[in-house]
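Asker: The structure is given below, and queries will be raised subsequently.
The values are calculated or read from the model by the stated rules, or taken from the named source; none is laboratory data. Keep in mind that what you see is a predicted model, and the values were worked out from it rather than measured. Cβ sites come from the backbone with ideal geometry, for glycine too, and all protein chains shown count toward neighbours.
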Amino acid sequence: MMKENVIQEKSFTFALEVIKLYSEIRKLNEFVISKQLLRCGTSIGANVEEAIAGQTRKDFFSKMSIASKEARETRYWLRLLKASKLVDLNYDEHLQNIEEIIRLLTSIVKTGYTNKLKLLFFGMGLLFIMGFMANLIL
C-alpha cells in the first residue's frame, strides 16, 4: 500500500476547486483574471506530479520550487479578486487552502535547500581536512 502524499493530494484537490471557481467567475462575466487563476492554480499540482516523477533530487526540488511560485501567484490572483470585488464571491476558503499549500511547499523547498547546504559544507569540510592532512604529510 502506497503512503499518502499530502502535497500531491492537496494540490490536486485545490486544482479541482480552482476549476469550479473559474467556472463560477466566468458565469459572472470576468474573463481575464479568472484565466490567470485557472492557469496558475492548476499548474501547482502539475508541477508537484512532475517533481514526484523527477529523475534527480535537483529535478525534484526544481519542480517543487516552481509549484511554490505558482501557489504564490495563485494567492495573488485570489487576493486581487477579493479586494477588487470585481466578482462578488467568498474567496476565504480558497485563500486558506492556498496558504496551507504554500506552507507545505515552502517546507519542502527549504528542506532541499538546507540539505544542499549541508552537503556543500560537508564537502568543503572534507576538502579542508584533506588539504590539512596533505600539509601534514608534506
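Asker: What are the residues in segment 37-58 that are in a helix (DSSP H, G or I) and either farther than 21 Å from residue 10 by Cβ or in contact with a strand residue (DSSP E or B) (Cβ under 6 Å, 6 or more places away or on another chain) (or both), if any? Give the derivation first.
Answerer: So in segment 37-58, the residues in a helix (DSSP H, G or I) come out as 37-52, 57-58.
If the condition is that a residue be in a helix (DSSP H, G or I) and either farther than 21 Å from residue 10 by Cβ or in contact with a strand residue (DSSP E or B) (Cβ under 6 Å, 6 or more places away or on another chain) (or both), then 57, 58 are the ones that fit.
Asker: What about residue 10, is it part of a helix (DSSP H, G or I) and either in contact with a Pro (Cβ under 8 Å, 6 or more places away or on another chain) or charged (D, E, K, R) (or both)?
Answerer: yes
Asker: A further question follows. Which of the residues belonging to segment 70-113 are part of a loop (DSSP other than H, G, I, E, B), surrounded by fewer than 13 Cβ atoms within 10 Å (Cβ to Cβ) and not basic (Lys, Arg)?
Answerer: Hits for segment 70-113 are 88, 90.
Asker: Shifting gears a bit: How about segment 23-39: which of its residues are crowded, with 19+ Cβ neighbours inside 10 Å and in contact with a Ser or Thr (Cβ under 8 Å, 6 or more places away or on another chain)? Let's see the steps before the verdict.
Answerer: Of segment 23-39, the ones crowded, with 19+ Cβ neighbours inside 10 Å are 25, 34, 37-38.
Hits for segment 23-39 are 25, 37.
Residues checked against (1) over 17 Å from residue 97 (Cβ atoms); (2) free of Cβ contacts under 8 Å to residues at least 24 places away in the same chain; (3) among the charged types (D, E, K, R):
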| residue | (1), (2), (3) |
| --- | --- |
| 10 | no, no, yes |
| 15 | no, no, no |
| 22 | no, yes, no |
| 26 | yes, yes, yes |
| 45 | no, no, no |
| 48 | no, no, no |
| 57 | yes, no, yes |
| 67 | no, no, no |
| 79 | no, yes, yes |
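Asker: Within segment 41-78, work out how many residues are among the aliphatic types (A, V, I, L, M) and farther than 30 Å from residue 30 by Cβ.
Answerer: 4
Asker: Go through (1) in a helix (DSSP H, G or I); (2) modelled with pLDDT of 95 or more and name the single condition residue 116 misses.
Answerer: (2)
Asker: Say whether the condition of being modelled with pLDDT under 95, small (Gly, Ala, Ser) and under 12 Å from the mean Cα position of the chain (by Cα) is met by at least one residue in segment 40-50.
Answerer: Taking every residue of segment 40-50 in turn, none turns out to be modelled with pLDDT under 95, small (Gly, Ala, Ser) and under 12 Å from the mean Cα position of the chain (by Cα).
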